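Structure, as structure tokens:
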Amino acid sequence: MSSRVDIVVALDVGGTGMKCALVRPDGTVHHAERHPTLAARGPKAVTANILDVAAGLADRARADGLNPIAAGVAVPGVVDEERGIAVWSSNVGFRDVPLRALVSERLGVPATLGHDVRVGGTAEARLGAGRGQRHVLFMAIGTGIAAAHVVDGKAFAGAHGAAGEIGHVVVRPGGLPCGCGQHGCLETVGSAAAIGRRYAELSGVAGATASDVAARSAAGEQLAATVWREATEALADGLLTAQALYDAGIVVLGGGLAEAGEALLAPLRIALDQRITFHLMPRIVRAALGDTAGCLGAALLALDSLAETP
Ligand SMILES: [Zn+2]
């Protein structure tokens, strides 16, 4: 028996960067670092990069006198958590990569593979803004929009690992084309990318971002206020569908758009309240863990898996 303190190697792999940490079993972070994903070099290079970074973290843990007991990796796209396979990802390029087995083999410890939004939602539900709540809907609004339904601290992946794609709920039938092939998806109106694009189109201000629109709207600019209102109304339409399906007790908003804080939350609460008929209104709050949620959630998933293994 080693007297060394246990630690989990955690990686949250995004389209451009990887957030990495050594996480203690109580959910606190011993060490954190960031690396570029190198997605432009293709999925093989990304996989090699993930394995190198994970091995580097395990070395760092041992050098600090810690004992790596497990590794948790979170990736975007469609993730088969049961089999540990990154099935598909548009921004990282994964096609059926058996990441769990590769990481476990390289590090010599049990590994788990999770979906970035589901593990982020798990962390927010257990350690963050949803703490103490049994029915949490986490919604990440950035370039795209995705959600995680977390009940009693466990996020539901669906039959194919593809649950939570609320960004592709059609809220404006016949509306703008979406990357998924459908028209009028929530993502085409309510995402940070859509807000910036729409405002740039109408105003002629090239390269406008959602946070520019939020600031201009707060300063009283009519056009920005209109674009912002269109987005919050679309988000409320999406949330109404989610509430009909999940009856969440609390909705936790994360991702870049949530950085607008009350400028987003306040109109969204009003717009959802106006749409609600028999459903019950959830609390709507901002995420609490920032961009460490993914890493913490990946570590939680790894610890859950250890606890479930006899
Ligand atoms: Zn879509």
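Projecting the Cα atoms of Thr241, Gly290, His279 onto the charge dipole of region 236-291, computed from C-beta unit charges around the Cα centre, puts His279 farthest toward the positive end. Put simply, when 87-95, 111-119 are sorted by average Cβ atoms within 10 angstrom per residue, most first, you get 111-119, 87-95.
The reciprocal of the average 1/r between distinct C-alpha atoms defines the Kirkwood hydrodynamic radius, which for region 1-149 equals 15.7 Å.
Dividing the mean sequence gap of close Cα pairs (under 8 Å, 6+ apart) by how many residues the chain holds gives a relative contact order of 19 percent. A Cβ-based charge dipole, computed about the Cα centre of region 265-310 with Lys and Arg at +1 and Asp and Glu at -1, lands at about 340 debye. Normalised size of region 164-242, defined as Cα radius of gyration per 2.2 N^0.38 Å with N residues, equals 1.07.
Each helix, a run of at least 4 DSSP H residues, gives -39500 (n - 2.57); summed and divided by the residues of the chain, these come to -12500 deg cm²/dmol at 222 nm. Ranked by the mean number of other Cβ atoms within 10 Å of their residues, highest first, the peptides 64-72, 199-207 come out as 64-72, 199-207.
Determine the distance separating the Cα centre of region 240-310 from the Cα centre of region 7-40; give it in Å without decimals. Taking the Cα centre of each part, region 240-310 and region 7-40 sit 22 Å apart.
A dipole drawn for the chain from +1 and -1 charges on Cβ atoms has a positive end, and of Ile250, Val29, Gly121 the residue lying farthest that way is Val29.
Distant-in-sequence amide contacts of Val169, defined by a placed amide H-H separation under 5 Å and a gap of 5 or more residues or a different chain, comprise Leu186, Glu187. The largest-to-smallest principal axis extents of the Cα set in the chain are 65, 42, 36 Å. Whole-Hz Karplus values for region 251-267 come out as 10, 10, 9, x, x, x, 5, 5, 5, 5, x, 4, 4, 9, 5, 4, x Hz, taken residue by residue from phi with 6.51 cos²θ - 1.76 cosθ + 1.60 and θ = phi - 60°; glycine and proline positions read x. Distances between placed amide hydrogens fall under 5 Å for Leu38 paired with no residue 5 or more residues away or on another chain. With θ taken as phi - 60° and the Karplus curve 6.51 cos²θ - 1.76 cosθ + 1.60 applied, the whole-hertz 3J(HN,Hα) list for region 198-211 is 4, 5, 4, 4, 6, 9, x, 7, 5, x, 4, 10, 4, 6 Hz, x standing for glycine and proline.
Label sites at Glu221 and His30, each approximated as a point 7 angstrom past Cα along Cα to Cβ, lie 4.8 nm apart. Cβ-Cβ distance of Phe156 and Asp96, R₀ of 22 Å, FRET efficiency by 1/(1 + (r/R0)^6): the value works out to about 0.50. Label-to-label distance for Ile270 and Ala45 is 4.9 nm, based on points extended 7 Å past Cα in the beta-carbon direction. Please list, by residue number, everything in region 190-208 whose backbone N is under 14 Å from a paramagnetic label point 7 Å out along Cα→Cβ of Glu230. So the set is 190-205.
All of the numbers you see were taken from the coordinates with simple rules; none came from a lab. Owing to the predicted nature of the structure, the values given are computational and were not obtained by experimental measurement. All Cβ positions, glycine included, derive from the backbone under ideal geometry; neighbour counts span all protein chains shown.
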